[in-house]
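S.K.: Input: one structure, supplied below.
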Amino acid sequence: MAIRINLLAEEQAAEELRRKNPVKLTIWVGSFFVAVVAIIILKIQWDIGFSKKAYNLIEQSWKNNTANYAAVTNNIAKIAVIDKKLAALDRLSTNRFYWAPVLNALQQTMIGDIQVVRVAGEQKYTKIDPKTIGSGQNVKTIPGSMIEKTTLYIDAKDYNPGAQNYDKFKETLNNFDFFVSNLQHAFILEGTLSPPTADPSDPSRQFVVFKLVSHFKDVSRE
């Protein structure tokens, strides 16, 4: 039977011992975990970079939307102001003073020997600024308005001044329902009667010229 002697046994044992050295194994294991952590950190940094880019895009979009929203709200406010003005103009056009009823009332109040030669109307507007009353929680704002003042002038001839038909005509106007309901005060004689004047078409007739004036009730327009 042959006997084998391994002359390298000691060296092989020493090499095997070095391979199984726990310190070296620990170093290799630690290096592996360090590499894994490094990869995870790089992945996190990569994700953070993409997230920041997405965040910047969202932030820029938000800023753009904010600017657009401000523009839209400003336009809505302007449209509301325009709508309010249009509504006021519509109310003014539909609620304006009508002269047809005035002329209709005049033709129903004519009396003999009176000839109306001129009817004139004058409309004036007074602006009332908005004002605030009260204080604190009880504060209240009264909106501004326009006060419409309408004056009616009637120039006429009286062909029988001795009977004072001009005065009878004035009283007829003052007692007519339309004028009673709409006038602020009765018709009055403005100025004085003119001197008697011969009618050019009939010199045998004379007339005096007079003027009546009155004011309709004031109307408040927003």
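Bear in mind these aren't lab numbers, they're just calculated from the coordinates by the rules spelled out. Computed from a predicted model, the values in this text were never measured in an experiment. Ideal geometry is used to build each Cβ from the backbone, glycine not excepted, and the neighbour counts take in all protein chains shown.
S.K.: Set the Förster distance to 22 Å, then compute FRET efficiency between Asn182 and Lys124 from the Cβ-Cβ distance, nearest 0.05.
M.R.: About 0.85, to the nearest 0.05.
S.K.: So which of Lys140/Lys217; Lys78/Lys131; Lys168/Lys217; Lys168/Lys211; Lys170/Lys211 end up more than 20 Å apart, counting from Cα to Cα?
M.R.: Beyond 20 Å: Lys140/Lys217; Lys78/Lys131; Lys168/Lys217.
S.K.: Explain nothing, just the number: relative contact order of the range 100-221, from Cα pairs under 8 Å at least 6 residues apart, as a whole percent.
M.R.: Relative CO of the range 100-221 lands at 29 percent.
S.K.: For Lys52, which lysines qualify as cross-link partners when the Cα separation must be under 17 Å and same-chain residues fewer than eight apart are set aside?
M.R.: Leaving aside lysines fewer than 8 places away in the same chain, those within reach of Lys52 are Lys43, Lys63.
S.K.: Ratio of alpha-carbon Rg to the 2.2 N^0.38 Å globular estimate for the range 100-221, to two decimals, please.
M.R.: Values: Rg = 20.3 Å, N = 122, 2.2 N^0.38 = 13.7 Å.
With N residues counted in the range 100-221, Rg over 2.2 N^0.38 Å equals 1.49.
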